[in-house]
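Undergrad: Below you'll find the structure I mean.
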Amino acid sequence: VYSAWLRLVIPQKEERVVELKLESEASVWSFGFYFSFINPIFEEAFWRIFCPLAAGAKEPGLLVCSAFYGSYHSLVLAALKLPWFMVLIITLALVGVGRLLCFACTRFGVLSAMVAHSAGDMVVILILWHWMFDW
């Protein structure tokens, strides 16, 4: 069901796959490993440790960090040339995810935010895999 809906709003863009050098299964798996296990460590260190320290670790500062987190990801989504309304919807959702990750970090520690971020990135890689090889 979800894939039929996704096909309506996210067309497969073969030229983007070639531009991103993700033409082979091996390149997707390599990118997926980095994206799912290495990237979340650096992102969470920045967004949940450095940014709150710079913005103030209280609620307004955490909300600002979450807004920047979502906005940062909108640049990635736009680079994938997704439709603007999808970029907007996903960006707003990621602001909420950023806020949840801030909560997880303050309540359970930064490792919990890293694990949650990693799980989310794995889902993105599985969608990318499906998008590229099973569409």
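Undergrad: List pairs: first in the range 21-44 and farther than 27 Å from VAL110 by Cβ, second open to solvent by 50 Å² or more (accessible area, probe 1.4 Å) and not in a helix (DSSP H, G or I), Cβ under 8 Å, 6+ apart or cross-chain?
TA: Cβ pairs passing all conditions: SER27/LYS21.
Undergrad: Using the structure shown, decide if SER30 is among the hydroxyl-bearing types (Ser, Thr, Tyr) and out of contact with any Gly (no Cβ under 7 Å at 6 or more places or on another chain).
TA: Yes.
Undergrad: Every residue in the range 107-135 that is touching a residue at least 12 places away in the same chain (Cβ under 8 Å), assigned to a helix (DSSP H, G or I) and more than 21 Å from TYR72 (Cα to Cα), please.
TA: TRP129, HIS130, TRP131, MET132, PHE133
Undergrad: Step by step: first the residues of the range 27-63, then only those that are among the aliphatic types (A, V, I, L, M) and open to solvent by less than 70 Å² (accessible area, probe 1.4 Å), then the one that is nearest to VAL124 (Cα to Cα). Which residue is that?
TA: By that ranking, first place goes to VAL28.
Undergrad: Would it be correct to say that SER112 is modelled with pLDDT of 95 or more, among the hydroxyl-bearing types (Ser, Thr, Tyr) and surrounded by 15 or more Cβ atoms within 10 Å (Cβ to Cβ)?
TA: So SER112 passes the test.
Undergrad: Considering only the range 64-89, state which residues are at pLDDT 90 or above, open to solvent by less than 50 Å² (accessible area, probe 1.4 Å) and closer than 20 Å to ILE125 by Cα.
TA: The answer is TYR69, GLY70, HIS73, SER74, VAL87.
The values are calculated or read from the model by the stated rules, or taken from the named source; none is laboratory data. Computed from a prediction, not measured in an experiment: that's the story for all the values here. So basically every Cβ, Gly included, is an ideal-geometry build from the backbone, and we count neighbours across all protein chains shown. Please note that ligands, DNA and RNA were not included when accessible areas were found on the heavy atoms of the full protein model with its side chains. Shrake-Rupley method; radii C 1.70, N 1.55, O 1.52, S 1.80 Å.
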